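The values are calculated or read from the model by the stated rules, or taken from the named source; none is laboratory data. Please read all numbers here as calculations on a predicted model, not as lab measurements. No Cβ is skipped: glycine too gets one built from the backbone with ideal geometry, and neighbour counts run over all protein chains shown.
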Amino acid sequence: MGSLKAQTMTLHGHAMSYVDSGTGPAVLFVHGLLGSHRNWAHLIDKLDDTNRVIVPDLFGHGASAKPVGDYSLGAHAGTLRDLLNRLGVDRVTLVGHSLGGGISMEFCYLFPERVERLVLVGSGGLGREVNPLLRSATLPGAEWVLPVIASGWLRGRVDSLGRALSKVGWRPGSDLTAVWQGFSALSDADSRRAFLATTRAVVDPGGQSVSARDYLPEVVGMPTLVVWGTRDRMIPAWHATTAQSAIPGCRVELFEGAGHFPHLDDPDRFAEVLREFVGSTPKAAARPRSAPRPAPAAPRPAPAAPRPAPAAPQAEADPSR
């Protein structure tokens, strides 16, 4: 069993925090919006006895740097590819939650030769629907509201209220705890700017603005598992049927009563399902990217700075430009 201590490497001139634990076939975990490697920390000890578990903080999140730049799905995917290159890891089982699911599907499209299996957990990118809370972050004026929500004054009073309610038996669920911890991390201007840039790269006032549905056939032949909580209030669970209908052989596991974080609501079951999936499915055959992607029907929100097309798989592309 490996150490859970986070390490730091300089990638593209910026600090990236990550956990690299265990030996064996590599599993790369990708957290969601407002998340960090801590969203997966309770699973590392359950998996690193048989697998090498790699859990980064995405740029703009956790202890990693929050530079001004491109926070699109493609930029994050390119950064993960370069992280694997630096760690000397060729291929991985890719596990993505929420925003991390969208990044994982983008990674599969851009670098299919690097992925053995795909696991999507309450994933973004499978439909337009998303919680109004995230849609509101794309509205004008959100820059002025976030400092109030994340202020020490408000956080202190909410924490005091939570402690008082706990004395009478109230316990916050995993969703509320994770979301509140995420918003509490927005106390500084750099974190808030990165959060808004990341959100606006994939969401607009009408819902999710970037869809992977047209490109899911690219992962045909890749073992795919979709995990969803039946009480997900962030992204509806019926989005799982989109992946199931588009990817022949896609396996769906619904966690009854779980919310947007099924891996937090029932970590033992999640670890068991993941172990069984990795152990019982063959690796996808390594294959290059097939055909050029067609132009999207609607333009993607412009990043903070132009980003060139991805280079050859072994060349590093700086997502912070």
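Odds and ends about this structure:
- Test for Val168: is it more than 19 Å from the chain's Cα centre (by Cα), more than 19 Å from His76 (Cα to Cα), loosely packed, with under 14 Cβ neighbours inside 10 Å and at pLDDT 70 or above: no
- Among the residues here, Asp48 qualifies as in contact with a Gly (Cβ under 6 Å, 6 or more places away or on another chain) and either farther than 20 Å from Pro262 by Cα or modelled with pLDDT under 95 (or both).
- Matching option when the condition is under 29 Å from Gly24 (Cα atoms), among the small types (Gly, Ala, Ser) and over 15 Å from the mean Cα position of the chain (by Cα), among Ala63, Ala41: Ala63
- Restricted to region 66-111, and to residues there that are free of Cβ contacts under 8 Å to residues at least 60 places away in the same chain and over 13 Å from the mean Cα position of the chain (by Cα), the residue that is surrounded by the most Cβ atoms within 10 Å (Cβ to Cβ) is Leu84.
- Per this entry, Arg117 is not counted among residues that are surrounded by fewer than 22 Cβ atoms within 10 Å (Cβ to Cβ) and either modelled with pLDDT of 95 or more or of a type outside the set (D, E, K, R) (or both).
- Hey, Pro288 part of a loop (DSSP other than H, G, I, E, B) and modelled with pLDDT under 60 or not: no
- Looking only at region 193-215, residues that are in contact with a strand residue (DSSP E or B) (Cβ under 9 Å, 6 or more places away or on another chain) and among the hydrophobic types (A, V, I, L, M, F, W, C) come to 2 in all.
- Looking only at region 202-255, and only at residues there that are charged (D, E, K, R) and not in a loop (DSSP other than H, G, I, E, B), the one that is surrounded by the fewest Cβ atoms within 10 Å (Cβ to Cβ): Asp214
- Residue check for Ala41: modelled with pLDDT under 95, small (Gly, Ala, Ser) and more than 21 Å from Thr199 (Cβ to Cβ): yes
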